Structures are given as structure tokens and as C-alpha cells.
Amino acid sequence: MNGIEPKYEKITDDMIERARAYPINELIEFNRAGFAPCPWHDETSPSLHHNSKNNTVHCFGCHKTVDTIGWLMDREGMKFQDAVRRLI
């Protein structure tokens, strides 16, 4: 290579759909009831709920809701395109 990074392939709607379908429970460890500690605020009992129907999480304490892409963007500081690529 000549030291120039190859251009990233364009993110398609299909790629976004596949990334959003990546099981969020493979990114977050939930208890049997489907809850985990919320990373966005201090709490004494888990309030981050796994919504398996639409593959998102919602915090009943701070009311934040994210999908798999949003989780990686927020928790790992990734850009949208990088989060999509990591999940597909």
C-alpha cells in the first residue's frame, strides 16, 4: 500500500438494518428479568430494560433509549459508520 487508507465502502440501508438486528444482549449483560445497570446515571437497582421485541434498551430512570448502533456510539465513542461496520 501507499500509506493512504482505502476509502470506506458506503453504508447502505441494508447494512444499517443488519447492524440494528445484531442482538443487543450480546453487547450488554442482563439479569433474568431483562434488566441491567444503567451506565448513564447512578442507581442502586438495575433500570435499563432489554426490549427484545425491537432489540433496544430503555432506562426507566433517565428515560434514555438506544439500539445497538446507539449503544456503541455512546458507550464506545464510535462514529455511526464505524458502529455499523462493527455490528455487521
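A few points about this structure:
- Residue 28 at pLDDT below 95 and surrounded by fewer than 17 Cβ atoms within 10 Å (Cβ to Cβ): no
- Within segment 36-53, the residues that satisfy the criterion of being out of contact with any helix residue (DSSP H, G or I) (no Cβ under 9 Å at 6 or more places or on another chain) and in a loop (DSSP other than H, G, I, E, B) are 37, 38, 41, 42, 43, 44, 45, 46, 47, 53.
One line per residue, one yes/no per condition, for (1) crowded, with 18+ Cβ neighbours inside 10 Å; (2) in contact with a strand residue (DSSP E or B) (Cβ under 7 Å, 6 or more places away or on another chain); (3) within 13 Å of residue 20 (Cβ to Cβ):
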position	(1), (2), (3)
51	no, yes, yes
58	no, yes, no
66	yes, yes, yes
70	no, no, yes
80	no, no, yes
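- Residue 4 among the β-branched types (Val, Ile, Thr), part of a loop (DSSP other than H, G, I, E, B) and modelled with pLDDT under 95: yes
- Output for segment 10-29, where each listed residue is over 14 Å from the mean Cα position of the chain (by Cα) and assigned to a loop (DSSP other than H, G, I, E, B): 10, 11, 12
- Total residues in segment 49-80 satisfying the condition of being within 10 Å of the chain's Cα centre (by Cα), over 16 Å from residue 25 (Cβ atoms) and among the charged types (D, E, K, R): the figure is 2.
- Test: residue 33 is modelled with pLDDT of 95 or more and either in contact with a Cys (Cβ under 9 Å, 6 or more places away or on another chain) or surrounded by 15 or more Cβ atoms within 10 Å (Cβ to Cβ) (or both): no
The values are calculated or read from the model by the stated rules, or taken from the named source; none is laboratory data. These numbers were taken from a predicted model, which means no experiment stands behind them. Cβ coordinates were reconstructed from backbone atoms using ideal geometry, including for glycine residues, and neighbour counts include every protein chain displayed.
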